[in-house]
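**Q** Once you've had a glance at the structure underneath, I'll fire off some questions.
The values are calculated or read from the model by the stated rules, or taken from the named source; none is laboratory data. Owing to the predicted nature of the structure, the values given are computational and were not obtained by experimental measurement. Backbone-built Cβ (ideal geometry, glycine too); neighbour counts: all protein chains shown. Remember, those area values only see protein heavy atoms, side chains included, never the ligands or the DNA or RNA. Shrake-Rupley method; radii C 1.70, N 1.55, O 1.52, S 1.80 Å.
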Amino acid sequence: MLVFAGGKRSYSTRWFQGVLLAGLTAALLNGQRLEAAGSASPKRIDLNGTWTFSIHGQGKRPMTVPSTYLPVGGATLERDFDLPPPSPGQIVLLHFEGIVMTAAVWLNGQQVGEYGPYTPFTIDVSQHAKPGANHLRVDLSDMGGFDPWGRNWVTAFPRFGGIARDVYVELKAPIYIENARLDCQFANNYTLAPCKLHAWVMNSTGQTRTLDLSGSLTDGGTNLSFRAPLQARPGTSESAVDLTVRNVKLWSPETPELYNLGLQLRDGKQLLDEFQTFTGFRELVTRGRDFYLNGKKIFIKGVFRHDIYGDQGHTLTRLQMETEMKDIKSLGVNFVRLGHYPQNRYINELAARYGLMTSGEPPIFGMSQKDPKVVAAAKFCLGGLIQRDWNNPASVAWIISNEAGTDPDYMKEMASFVRQLDPKRLVSIVDNTHWTEHNAPWQSFRDAGINFIAQNAYGSAFDGYYEKIAKFLPDDLPYVISEWGGTDKSYDTVFREGRYYLEHSNLALEQGPRIAGISFWEYQDISMPRWEPEGLLHRSLVDKERRPYEMYYALKSLYTGTVVPPPRGRTFADPMPEQLPRTLAPSEKLNGYETVDLATLVNSDQVIGALKPISPLAYPQDIPLGKVVVAGLPFGLQRQVIALSRQQPGVRIPVGRAAAELDFLGHVCFNSIATNPPAPYPELPLIAEGFPNIETPPPFKGYPQAGEFGERIGEYVVVYADGTREPIPLENGIHFADYRMFFGLSFIDPVAVSTERAVTYKADAGLKLYQLRIFTYRPLQAPKQIREIEFNLKNFDYVPLLAALTVRTYDEAVDKAQNPAH
């Protein structure tokens with residue numbers, strides 16, 4: 001267990017302190033491995049492609065990896081792959097570039113580890129892999145998972161599930177290069193760079209070996225070669241090589257010069273391993289209230305970016321990423337805040353290519369900084385990101401948390417952790433506290449070694465906050481507004497606010513309080529069901545598909561210094577999508593289907609009223625009622641529905657005909673957002689409709705919000721005219737799902753695998769999305785007349801809802817043609 005050792009769903013803080021800090025980077029590889037000549041050359045087996053997706057083994061279907069999907073409560077992705085017979089001593093490494101949210105990984109029936117989100121990890125599976133066919137299984141948790149990424153995780157971005165990035169297997173020699181880092185100083189006005197190359201080599205042979213480490217640093221003109229002996233002790237050994245780069249070509253936003261770094265590890269003439277990455281030479285430091293890049297004062301003109309695109313979640317194509325980063329560069333941006341989690345490796349590579357400084361951060365948002373599990377999780381995510389990108393010149397700063405406070409002990413521990421991994425880059429912490437002279441944490445920042453102040457200070461140009469804080473900003477820490485905007489969606493307001501910050505920046509002021517940088521929230525819309533009627537967190541420059549709003553042109557005007565008026569003046573996002581019934585036309589043929597009248601049975605007002613939750617059942621708003629068509633079938637849809645509860649545990653639905661098919665519309669469970677649910681349910685904390693708000697635990701059950709998959713909810717009983725009874729068990733996640741398509745601030749995909757989603761509708765002032773599902777059942781004794789259908793509740797933890805019932809009248813000739821088994 002490389003990461004979460006000591007049993008299921010538990011962290012090993014000792015692992016982070018003992019392994020990461022010692023430089024054992026087998027779990028967090030950087031760069032690409034090249035296939036080398038020689039008998040021990042590494043081989044890479046790509047595991048991207050088609051996997052099998054299932055929910056608790058049911059509803060199996062193909063799914064492309066990498067990809068992400070809306071949370072379903074937990075799913076399994078699995079596939080088979082072949083391994084060639086290994087060379088003597090060869091080891092097998094299984095590598096994931098990033099999963100969401102948490103995962104248990106199994107190979108050939110053996111669990112090989114549990115891992116957190118976003119960060120690359122590598123598992124040595126040599127003891128579990130075998131020549132020939134192997135079976136890989138990944139059990140993903142997308143709403144639950146282990147702490148601190150369980151249900152209580154508060155985020156300002158949607159959750160997803162999936163193997164979000166590349167996955168592959170490597171066959172390697174028993175001694176190989178794990179990672180390398182190039183640290184540089186500068187001299188002679190940045191034309192000379194004395195450097196120290198650190199290399200980590202893993203030796204799994206159990207014996208110390210004397211090897212040869214060589215390499216080169218090239219930029220198309222310069223070709224600097226180096227070589228040094230290396231003692232590879234059992235386990236991981238760190239070696240260092242001194243080299244000096246002359247006539248340095250500096251990396252900057254204006255001149256993004258890059259170098260290739262290649263290493264080779266040899267045992268005599270035998271090439272054991274190769275390692276290759278890219279790097280660049282630049283120095284970003286703080287002096288007093290300002291930043292200096294390569295010796296010149298610089299103002300940070302930034303934008304916040306999420307690694308989310310449309311409905312694809314965290315998995316973007318390379319073309320999408322390239323197009324986006326080019327567009328961000330065209331805005332006059334010189335910095336991109338890559339938050340609130342480690343983003344795709346390729347995004348940071350593009351930033352280096354196009355000349356965009358970046359910061360990276362762990363998904364620590366609104367969590368307790370005193371919780372050891374939170375600290376361990378921060379180290380896992382941020383440590384992996386640092387070791388992945390520590391050679392990338394675009395990476396200029398590491399953020400240790402966002403809007404989680406500024407606990408002095410947390411800052412000290414995390415800043416020390418970061419600097420032991422990467423001693424050269426800046427460290428900061430983002431918070432949204434409105435500080436005063438009495439609570440400003442400047443001394444705690446100094447004690448921890450925080451390099452600059454980063455504050456999410458929305459609207460501070462308009463509410464007077466900046467004028468207040470400017471009076472006590474320190475002389476030795478630059479002040480950055482790490483998130484601004486969000487006060488309006490118009491060109492004029494964004495331009496006015498941004499212009500105020502520029503007028504108070506180090507571009508305009510040489511002395512006294514001044515702003516060293518700003519970063520606009522945010523580049524693109526992301527889905528969020530409780531923020532705007534469009535179902536978006538919409539304070540953005542572009543929509544989910546990167547089509548610009550008015551604000552896009554305002555920021556471009558500010559950052560480029562050239563006024564760019566909005567050609568379209570587009571301010572609003574598209575409405576949240578709905579899948580609604582359509583009204584049944586009077587002349588429309590029913591093709592043998594007949595609706596069953598439930599008017600005398602609907603009771604949801606009565607049942608939900610008796611339960612006294614704070615949030616009432618969200619009935620369909622402004623959708624067609626009466627005779628409607630849903631999924632090509634006619635239904636009689638009413639505002640109220642049938643709801644079962646402890647107060648009314650059953651209803652009898654008269655049918656009075658033979659039926660070849662029964663189609664039930666609804667098949668969802670009511671799940672209130674309540675602070676004072678009825679006994680015996682526990683009282684919940686107050687749930688705000690704004691932010692943050694995670695609902696846990698819900699007072700009633702419905703998959704995937706609550707309840708075990710497959711747990712018995714109730715039953716239908718088909719009662720024939722002769723008294724014969726045909727029970728149909730109804731189970732959580734199989735026949736019924738939660739009717740809410742959101743969890744906290746995230747959209748989810750509440751699935752019941754034996755049903756299909758047929759209706760989605762907005763409710764609660766258009767801020768949330770709900771669903772109705774269709775369950776189709778074919779009676780086993782179809783020729784016999786059905787007197788009634790009983791709908792019985794067997795588990796009072798559930799409140800199942802049924803909206804409508806339609807039957808296909810039995811026709812012997814048609815039935816024999818369609819169902820020969822009958």
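**Q** For residue 731, list long-range residues whose amide hydrogen, built 1.01 Å from N in the peptide plane, is under 5 Å from its own amide hydrogen.
**A** 713, 736
**Q** Could I ask something else about it? What lysines could a cross-link reach from residue 370, if we take a straight Cα to Cα line under 26 Å and drop same-chain neighbours fewer than 8 places away?
**A** Of all the lysines, those that pass the test against residue 370 - Cα under 26 Å, at least 8 places apart if same chain - are 8, 379, 412.
**Q** Let me ask something else about it. Given axes a ≥ b ≥ c from the Cα gyration tensor, I'd like to know whether the stretch 239-343 is rounded (a/c under 1.5), prolate (a/b larger than b/c) or oblate.
**A** Judged from the Cα gyration tensor, the stretch 239-343 comes out oblate (a/c at least 1.5, b/c at or above a/b).
**Q** May I pose another question? For a Förster distance of 51 Å, can you work out the FRET efficiency between the beta-carbons of residue 785 and residue 60, rounded to the nearest 0.05? Don't skip to the answer; put the middle values down first.
**A** Details: r = 37 Å, r/R0 = 0.72.
In this case the efficiency is close to 0.85.
**Q** Counting only protein heavy atoms and using a 1.4 Å probe, what share of the accessible area of the chain belongs to carbon plus sulfur, as a whole percent? Could you put the intermediate results ahead of the total?
**A** Values: 14980 of 30100 Å².
Taking all protein chains in place, the chain shows 50 percent carbon and sulfur surface.
**Q** Grab the eigenvalues of the alpha-carbon gyration tensor for the stretch 187-294, scale each by 5, take roots, and send me the semi-axes largest first in whole angstrom.
**A** 32, 16, 11
**Q** Please work out the C-alpha center-to-center distance from the stretch 184-236 to the stretch 322-367 and express it in whole Å.
**A** 28 Å
**Q** Can I ask one more? In debye, nearest 20, what is the charge dipole magnitude of the stretch 610-666 about its Cα centre with +1 on Lys and Arg Cβ and -1 on Asp and Glu Cβ, if you could check?
**A** Using Cβ point charges on Lys, Arg, Asp and Glu, the stretch 610-666 gives about 280 debye.
**Q** Let me ask something additional. Toward the positive end of the charge dipole of the chain, about the Cα centre and with charges on Cβ (Lys, Arg +1; Asp, Glu -1), which of 705, 619, 414 goes farthest?
**A** Of 705, 619, 414, it is 414.
**Q** Moving on to the next point. Please compare each pair in 768/794; 489/544; 297/329; 196/424; 172/269 to a cut-off of 23 Å on the Cα-Cα distance and tell me which ones are over it.
**A** 768/794
**Q** What does the accessible area per residue of the stretch 469-537 come to in Å², with a 1.4 Å probe and no ligands, DNA or RNA counted? Walk me through the numbers on the way to the answer.
**A** On the way: 2250 Å² over 69 residues.
Heavy-atom accessible area per residue stands at 33 Å².
**Q** Checking the a/c ratio against 1.5 first, then a/b against b/c, what shape does the Cα gyration tensor give for the stretch 39-172? Before the final figure, lay out each step's value.
**A** Details: a/c = 2.21, a/b = 1.79, b/c = 1.23.
It comes out prolate by the Cα gyration axes.
**Q** Report the full-extension gain for the segment residue 152 to residue 597: residue separation times 0.36 nm, less the Cα-Cα distance, to one decimal in nm.
**A** So the extension gain works out to 155.9 nm.
**Q** Another question about this same structure. Nearest 0.05, what FRET efficiency do residue 318 and residue 438 give at R0 = 51 Å with Cβ-Cβ as r?
**A** Rounded to the nearest 0.05, the efficiency is 0.50.
**Q** Rank 89, 807, 576 by how far each Cα sits towards the positive end of the charge dipole of the chain (+1 on Lys, Arg Cβ; -1 on Asp, Glu Cβ) and give me just the farthest.
**A** Of the options given, the answer is 89.
**Q** Summing Lys, Arg as +1 and Asp, Glu as -1, what charge do residues with Cβ under 15 Å from the Cβ of residue 289 carry, residue 289 excluded?
**A** Summing Lys/Arg as +1 and Asp/Glu as -1 gives +1.
**Q** Shape verdict for the stretch 548-661, please, from the Cα gyration tensor: rounded (a/c under 1.5), prolate (a/b greater than b/c) or oblate. Kindly include the intermediate steps, with their values, before the conclusion.
**A** Values: a/c = 5.05, a/b = 2.06, b/c = 2.45.
Because a/c hits 1.5 or more and a/b fails to exceed b/c, the stretch 548-661 counts as oblate.
**Q** What is the mean projected area of the alpha carbon convex hull for the stretch 703-822, to one decimal in square nanometres?
**A** With the hull built on Cα positions only, its mean projection is 8.9 nm².
**Q** Among all the aspartates and glutamates, which ones have a C-alpha under 20 Å from residue 784's C-alpha, if same-chain residues fewer than 8 places away are not counted?
**A** Once the sequence-local aspartates and glutamates are set aside, what remains near residue 784 is 594, 661, 663, 722, 726, 811, 812, 815.
**Q** Quick one: which residues, 5+ away or cross-chain, put their amide H under 5 Å from the amide H of residue 788? H built at 1.01 Å from N.
**A** Under 5 Å from the amide H of residue 788 lie the amide H atoms of 655, 656, 719, each far enough along the sequence or on another chain.
**Q** Here's a follow-up. Just subtract the alpha-carbon distance of residue 726 and residue 110 from 0.36 nm times their residue separation and send over the number in nm, one decimal.
**A** The span from residue 726 to residue 110 would gain 217.6 nm if fully extended.
**Q** Can you give the helix-only mean residue ellipticity at 222 nm for the chain, where every DSSP H stretch with n ≥ 4 adds -39500 (n - 2.57) and the sum goes over all residues, rounded to the nearest 500 deg cm²/dmol? Write out the running numbers ahead of the final one.
**A** Details: 10 runs with 107 residues, N = 822.
It comes out at -4000 deg cm²/dmol, rounded to the nearest 500.
**Q** Separate question: For the chain, just give the cysteines left without a disulfide-compatible partner, judged by no other Cys Cβ under 4.7 Å.
**A** 381, 669
**Q** Moving on. Please quote Rg/Rh for the chain to two decimal places, taking the Kirkwood radius as Rh and restricting both calculations to Cα atoms.
**A** On the way: Rg = 30.0 Å, Rh = 29.3 Å.
Rg/Rh for the chain comes to 1.02.
**Q** Using a probe radius of 1.4 Å on heavy atoms only, what accessible surface per residue do you get for the stretch 208-341? Whole Å² is fine.
**A** Accessible area per residue, the stretch 208-341: 41 Å².
**Q** Expressed as a rounded percentage, what relative contact order does the chain have, with Cα pairs under 8 Å and six or more residues apart?
**A** Relative contact order comes out at 10 percent.
**Q** Here is a further query. Can you run the Rg to Rh ratio on the stretch 313-382? Use alpha carbon positions and the Kirkwood inverse-distance Rh. All intermediate terms of the calculation are to be shown ahead of the outcome.
**A** Values: Rg = 14.4 Å, Rh = 13.4 Å.
Over the Cα atoms of the stretch 313-382, Rg/Rh equals 1.07.
**Q** Treating only the Cβ of Lys, Arg, Asp and Glu as charged (+1, +1, -1, -1), what charge dipole size does the chain show about its Cα centre? Round to the nearest 20 debye.
**A** 1000 debye
**Q** If you don't mind, there's one more thing I want to ask. Kindly write out, for the stretch 618-623 in residue order, the coupling ³J(HN,Hα) from the Karplus curve 6.51 cos²θ - 1.76 cosθ + 1.60 (θ = phi - 60°), rounded to whole Hz, with x marking Gly and Pro.
**A** Going residue by residue, I get 7, 5, x, 10, 6, 10 Hz, with x marking Gly and Pro.
**Q** At a Cα cut-off below 13 Å, give the aspartates and glutamates reachable from residue 296, other chains included and same-chain residues fewer than 8 away excluded.
**A** The qualifying aspartates and glutamates are 254, 283.
**Q** To continue, here is another question. Sorting 583, 560 by accessible area (1.4 Å probe), largest first, what list results? Walk me through the intermediate numbers first.
**A** Details: 583 90, 560 60 Å².
Final ranking, largest accessible area leading: 583, 560.
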